[in-house]
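Following: one structure in structure tokens, then a few remarks.
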Amino acid sequence: MTDMRLIVLGASGRMGRALTRAIAEIEGVTLAGALEREGSAHLGADAGELAGLGPLGVRVTDDPLPLVAHADGVVDFTAPAATVAIAELAAQARIVHVVGTTGLSETDLDRLDAVARHAVVVRSGNMSLGVNLLAALVRQAARALGPDWDIEVLEMHHRAKVDAPSGTALLLGEAAAEGREVALKDASVRVRDGHTGPRAEGAIGFATLRGGSVVGEHTVILAGAGERVELVHRAEDRMIFARGAVKAALWGFGRKPGHYSMADVLGLQRD
Ligand SMILES: NC(=O)C1=CN([C@@H]2O[C@H](COP(=O)(O)OP(=O)(O)OC[C@H]3O[C@@H](n4cnc5c(N)ncnc54)[C@H](OP(=O)(O)O)[C@@H]3O)[C@@H](O)[C@H]2O)C=CC1
Ligand SMILES: O=C(O)C1=N[C@H](C(=O)O)C[C@H](O)C1
């Protein structure tokens, strides 16, 4: 069988470089293109060299059209505007779009829902196996412990991260809300400052730390009267996300159009 041809969007970014390495190491996929924004200092560079692999003969370009026409999928860990723009092109070409970008607005998500009527979109705030398993455990714990236990999601990332709370923190908050059978938007408390008054009953709180080179750490705290449960994930290497994204692309290849999640890819049941 021929390899699935994948384009990396944001090829010179932290995740873009990891994606190029993952595509080189995983069987059944081949690097078909590398994209960056117009004016990027990396245009014309070899994507393999950017990724520390040596030359692969794939040059970074800012023109998606010829690439999309000859590819089977695009893996995209970039920024919301870039994700929405490539989503339209990927859907027109009926190729798989794997979205790792976080910080998407409700409007952006509506656009992805719309394009997913025509093509496969696989999106997750975290493409690692560990975090998606953690989400299932959080759902279960929130359901089992009930509303008397307070839930807080704490995350820490490197100093260059631009969105907060992280996509993973929101994914874990969603899992907690599902376990409690409430809507996250009605329960979430994303900022506390000044005289806040006592904690609102049923709140799902978020706290954000930024600094240094931390790849990604998430703790879900379930605090009861006199005891506390903490569920933790620590990412040590961006390759966990990159390998997950390539796995998602292979899973989506040939599947019927839809907006899928990493839980779908990994076959994790929503009990
Ligand atoms: N879902 C998951 O598992 C994970 C998600 N992420 C998310 O992935 C995203 C990227 O993270 P990271 O790699 O650390 O960030 P970086 O800033 O290192 O990389 C982003 C890359 O995308 C490029 N880019 C921005 N706009 C465009 C555009 N219009 N067209 C083409 N390329 C563009 C940037 O170029 P330039 O530098 O010129 O702006 C940059 O090269 C973030 O949203 C992050 O939260 C990260 C890790 C895991
Ligand atoms: O920006 C990052 O680095 C990461 N972003 C994702 C998020 O927002 O949760 C996933 C991972 O934690 C790293």
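Please treat every number below as a calculation from the coordinates, not as lab data. Just so you know, these numbers come straight off a predicted model, no measurement behind them. Here the Cβ is made from the backbone with ideal geometry for all residues, glycine too, and neighbour counts use every protein chain on show.
Check Gly146, Gly130, Gly103, Gly173 and return the single one that is within 16 Å of ligand 2 (Cβ to nearest atom) and on the phi > 0 side of the Ramachandran plot. Talk me through it step by step, then tell me what you get.
Values: Gly146 fails: within 16 Å of ligand 2 (Cβ to nearest atom); Gly130 fails: on the phi > 0 side of the Ramachandran plot; Gly173 fails: on the phi > 0 side of the Ramachandran plot.
Gly103 is the lone residue from the list that is within 16 Å of ligand 2 (Cβ to nearest atom) and on the phi > 0 side of the Ramachandran plot.
Only one of (1) over 17 Å from Phe241 (Cα atoms); (2) out of contact with any Asp or Glu (no Cβ under 7 Å at 6 or more places or on another chain); (3) of a type outside the set (A, V, I, L, M, F, W, C) fails for Arg123. Which number is that?
Only one criterion in (1) over 17 Å from Phe241 (Cα atoms); (2) out of contact with any Asp or Glu (no Cβ under 7 Å at 6 or more places or on another chain); (3) of a type outside the set (A, V, I, L, M, F, W, C) is unmet by Arg123, namely (1).
Filter the range 226-244 for residues that are basic (Lys, Arg) and more than 12 Å from ligand 2 (Cβ to nearest atom); which is farthest from Val98 (Cα to Cα)? Give the derivation first.
Taking the range 226-244 as the starting set, the residues that turn out to be basic (Lys, Arg) are 228, 234, 238, 243.
In the following step, the residues that additionally are more than 12 Å from ligand 2 (Cβ to nearest atom) were identified as 228, 243.
Numbers: Arg228: 36, Arg243: 12 Å.
Only one residue tops the list, namely Arg228.
Which of the residues that make up the range 201-249 are buried (at least 18 other Cβ atoms within 10 Å of the Cβ), among the small types (Gly, Ala, Ser) and touching a helix residue (DSSP H, G or I) at 6+ places or on another chain (Cβ under 7 Å)?
Gly216, Ala242, Gly244, Ala245, Ala248 - these are the residues of the range 201-249 that are buried (at least 18 other Cβ atoms within 10 Å of the Cβ), among the small types (Gly, Ala, Ser) and touching a helix residue (DSSP H, G or I) at 6+ places or on another chain (Cβ under 7 Å).
Report those strands (runs of 3 or more DSSP E) wholly inside the range 189-271 carrying at least 2 residues which are touching a Lys or Arg at 6+ places or on another chain (Cβ under 7 Å) and within 21 Å of Gly130 (Cβ to Cβ). Walk me through it before giving the result.
Details: elements: 204-210, 216-224, 227-235, 258-260.
It comes to 216-224.
If Val75 satisfies every condition in (1) in a helix (DSSP H, G or I); (2) in contact with a helix residue (DSSP H, G or I) (Cβ under 7 Å, 6 or more places away or on another chain) but one, which is the exception?
Failed condition: (1).
Scan the range 108-135 for residues that are of a type outside the set (D, E, K, R), surrounded by fewer than 18 Cβ atoms within 10 Å (Cβ to Cβ) and in a helix (DSSP H, G or I) and jot them down. Break it down stepwise before answering.
Residues of the range 108-135 of a type outside the set (D, E, K, R): 109, 112, 114-116, 118-122, 124-135.
Filter once more, so that each one left must be surrounded by fewer than 18 Cβ atoms within 10 Å (Cβ to Cβ): 109, 114, 118, 129-130, 133.
Selection gives Leu109, Ala114, Leu129, Gly130, Leu133.
Select, from Leu65, Leu50, Leu104, the only residue that is more than 24 Å from Ala164 (Cα to Cα) and either among the acidic types (Asp, Glu) or buried (at least 17 other Cβ atoms within 10 Å of the Cβ) (or both). Walk me through how you get there before you give the answer.
Values: Leu65 fails: either among the acidic types (Asp, Glu) or buried (at least 17 other Cβ atoms within 10 Å of the Cβ) (or both); Leu104 fails: more than 24 Å from Ala164 (Cα to Cα).
One residue alone meets the criteria, Leu50.
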